[in-house]
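Comments concern the structure below.
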Amino acid sequence: MNTPQPAGVASTSDAPIYAGLVEERGDVLAEVRRTAEQALRQADQALDFSLISSDAA
């Protein structure tokens, strides 16, 4: 029975070459995804002007 996979994740039976590369080099795509999500969180925090009061100008 096949279990659902998250988007962008291939099972080893579907992509044996990819699975071998992940074993050798690590899951580069997952690392890029985590780094991009972290950058987005940091950008959201840096651009959050909601805490600035209107009388600060």
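The values are calculated or read from the model by the stated rules, or taken from the named source; none is laboratory data. Bear in mind the structure is a predicted one, so any value in this text is a computation, not a measurement. FYI the Cβ positions are ideal-geometry reconstructions off the backbone, even for glycines, and counts take in every protein chain you see. With ligands, DNA and RNA removed, areas are computed over all heavy atoms of the protein, side chains included. Shrake-Rupley method; radii C 1.70, N 1.55, O 1.52, S 1.80 Å.
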**Q.** Residues of the stretch 14-45 satisfying the condition of being outside any helix (DSSP H, G or I), surrounded by 11 or more Cβ atoms within 10 Å (Cβ to Cβ) and either within 18 Å of the chain's Cα centre (by Cα) or basic (Lys, Arg) (or both)
**A.** 27
Q | Condition check for residue 48: of a type outside the set (A, V, I, L, M, F, W, C), assigned to a loop (DSSP other than H, G, I, E, B), at pLDDT 65 or above and open to solvent by less than 90 Å² (accessible area, probe 1.4 Å) | A | yes
